[in-house]
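The values are calculated or read from the model by the stated rules, or taken from the named source; none is laboratory data. Small disclaimer: the values here were computed from a predicted structure and weren't measured. Here the Cβ positions follow ideal geometry from the backbone for every residue, glycine too, while neighbour counts run over all protein chains shown. Only protein heavy atoms, including side chains, enter the accessible area calculation; ligands, DNA and RNA are left aside. Shrake-Rupley method; radii C 1.70, N 1.55, O 1.52, S 1.80 Å.
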Amino acid sequence: MSHAVTYESRDGIAVITINRPDRLNAIGPEVEAGLAAAWMRLNDTPEDRVGILTAAGTRAFSSGRDRDAQSPPDYRSFTPNVGVALDKPLIAAVSGWCVGGALVLVAMCDLCVATRDARFTYPEPKMGFAGGMIASLAARIPHKVAMEIMLLGEVLEAQRAYDVGLVNRLAEPGQHLEEAMKLARRLADNAPLVMAMLKRFAAATVPASPVEQAGLAWRETERVFRSADYQEGVSSFRDKRDPRFSGR
């Protein structure tokens, strides 16, 4: 893990923190790589049954794209449940501003706890760019509310986010992680196989936007290109021999 994203195991709960409070937890290359690594670590750590995605400080869960980044972020690669498939429940714990692509991260989590002073906004149409992953929001909250968020770029207050189903629990300022931990402890006591099955069934039920579909395809092709079988195929072709595939 990089310093931009930290991973802490707490009695079966992984607390994954975007750790750039000096930049309002803006999403740059280090955060992108750190989040992708965190999802893979959560998958590969049997002791951790639940994940919490949060951020350092209380001013902002994330201000969205880092303005100093040289290229736009590719949310297909590091968005939870898209870039990396997660069978384990993931809870977003939000305080302060949640802007642009950070709203995508929250939308793709399974549950969300937000402080009463949290603010959600997607200003990209006002700025002239968008990656498109936000369109999946229309399958997760009422359609016209999602269109209001996406097209107008106005601020959604925490109470309304709760009322329309984007947020599961409201917490007092500074108490979002504690409230998320309460939910996580309850989830950690549940049957992992059942929760994983229900997550897969839910994912098959909720429509995916074109960019989300592209992310799912990207995930599968990247898995092939990172495999030992891919290296074996390349080596056997170069060596002019029959390949010996292992399924890994």
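Would you work out what percent of the accessible area of segment 5-208, with all protein chains in place, is carbon or sulfur (probe 1.4 Å)?
Details: 4960 of 9270 Å².
After summing per-atom areas, the C and S share lands at 54 percent.
Compute the accessible area per residue over the chain, keeping the other protein chains in place, probe 1.4 Å, unit Å². Numbers along the way, then the final one.
Working: 12690 Å² over 248 residues.
Result: 51 Å² of accessible area for each residue.
When the trypsin sites (Lys or Arg not before Pro) in segment 61-93 are filtered for DSSP coil states and for at most 15 other beta-carbon atoms within 10 Å of their beta-carbon, the remaining sites are 67. Cross-link partners for residue 88 among the lysines, with Cα-Cα distance under 22 Å and sequence neighbours closer than 8 places in the same chain left out: 182, 199.
Largest first, the residues 240, 144, 199 sort by 1.4 Å accessible area into 240, 144, 199.
Average the reciprocal distances over every distinct pair of alpha-carbons in the chain, invert the result, and give the Kirkwood radius in Å. Provide the component values of the computation, followed by the final result.
Values: mean 1/r = 0.0534 Å⁻¹.
Kirkwood hydrodynamic radius for the chain: 18.7 Å.
Over segment 103-222, Cα pairs under 8 Å with separation of 6+ residues give a relative contact order of 33 percent. Just round it to a whole percent: the fraction of Cα-Cα distances in segment 42-94 exceeding 16 Å. When every Cα pair of segment 42-94 is considered, 56 percent fall beyond 16 Å.
If exposed means no more than 14 neighbouring beta carbons inside 10 Å and the site is in a DSSP loop, what's the longest run of the chain without any exposed GluC sites (Glu not before Pro)? Walk me through the numbers on the way to the answer.
On the way: sites that count: 47, 154.
Looking at the chain, 48-153 is the longest stretch - no exposed GluC sites (Glu not before Pro) with at most 14 other Cβ atoms within 10 Å.
Bridging of residue 144 to aspartates and glutamates at a Cα separation below 20 Å is possible for 124, 154, 157, 163, 212, once same-chain residues fewer than 8 apart are set aside. Only the Cβ atoms of Lys and Arg (+1) and of Asp and Glu (-1) were treated as charged; on that basis the dipole of the chain about its Cα centre amounts to roughly 320 debye.
Normalised by the number of residues in the chain, what is the relative contact order in percent for Cα pairs under 8 Å and 6+ residues apart?
Values: 470 pairs, mean separation 43.9, N = 248.
That works out to 18 percent.
Between the beta carbons of residue 58 and residue 240, assuming R0 = 35 Å, the FRET efficiency works out to 0.05 to the nearest 0.05.
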